[in-house]
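**Student:** Structure provided below as structure tokens; questions to follow.
The values are calculated or read from the model by the stated rules, or taken from the named source; none is laboratory data. These numbers come from a predicted model, not from an experiment. All Cβ positions, even for glycine, are placed from backbone atoms using ideal geometry, and neighbour counts span all protein chains on display.
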Amino acid sequence: MTSAIQALQDLQQRFGQAVEAPPTPVDHCIYWAGTALGVAGIPLLVGEGELDEIIEMPEVTPIPSTRQWVMGLATHRGGLIPVISGDVLLRREPYSGRVRDYCMVIRRPGMHFAITLSDVRRSTKFPIDERDMERDVDPAVHGYTLGGFVLDDDFCAVLDLDKLINEGELANAAVASEQHSEETGDV
């Protein structure tokens, strides 16, 4: 019996020497992740999985009788998508300056389109506790954002694409008949 107890003590001593220190507790910080970009010169963040992709600005074919912010149609992955000027949509005026080289492609049920980008930064993540819900954002995107984060000394608002689609003008790109008459001079 003493040999069994002695064997257990030896085994306990051997395991005591081989065991490493217990792991240190991990910080269970929750992060917001997404892409930092700019639309109409406004620094924005788009959540991970919210946009389909960022592409080079495609060749666009104009569409008659559409709103000013609709630049036209472009081919994309074997289909056609409308390309929207982020500057005209948000700022209500065309951009004059460096050509917009990129656009983000958005795909939602019943909606598939691209919006021109003024800036493409990078993918990024922030601790969710750093999200500032009180700071004022650019009036052009005020109704379409959900707080934001500070990135490289800029406050980047988190763009809520669902709000932009559902509450903005994107659902109807056709020019109203009265507006069309005023633009063309027809009566």
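Yes/no per residue for (1) charged (D, E, K, R); (2) touching a residue at least 40 places away in the same chain (Cβ under 8 Å); (3) part of a helix (DSSP H, G or I):
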residue	(1), (2), (3)
Ile81	no, no, no
Val120	no, yes, no
Lys125	yes, yes, no
His142	no, no, yes
Gly147	no, no, no
Cys156	no, yes, no
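**Student:** Among the residues of the range 121-145, write down those that are surrounded by 15 or more Cβ atoms within 10 Å (Cβ to Cβ) and among the hydrophobic types (A, V, I, L, M, F, W, C).
**Tutor:** Passing the criteria: Phe126, Val137, Ala140, Val141.
**Student:** Which one of these is among the aliphatic types (A, V, I, L, M), at pLDDT 90 or above and over 23 Å from Lys163 (Cα atoms): Met133, Met57, Met104?
**Tutor:** Result: Met57 is the single residue among Met133, Met57, Met104 that is among the aliphatic types (A, V, I, L, M), at pLDDT 90 or above and over 23 Å from Lys163 (Cα atoms).
**Student:** Taking only the range 49-67 into account, find how many residues are in a loop (DSSP other than H, G, I, E, B), out of contact with any helix residue (DSSP H, G or I) (no Cβ under 9 Å at 6 or more places or on another chain) and of a type in the set (Asp, Glu).
**Tutor:** Adding up the residues that qualify gives 2.
Table: residues versus (1) surrounded by 15 or more Cβ atoms within 10 Å (Cβ to Cβ); (2) of a type in the set (Gly, Ala, Ser); (3) more than 16 Å from the chain's Cα centre (by Cα).
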{"residue": "Glu48", "(1), (2), (3)": "no, no, no"}
{"residue": "Glu59", "(1), (2), (3)": "no, no, yes"}
{"residue": "Thr75", "(1), (2), (3)": "no, no, yes"}
{"residue": "Gly78", "(1), (2), (3)": "no, yes, yes"}
{"residue": "Glu93", "(1), (2), (3)": "no, no, yes"}
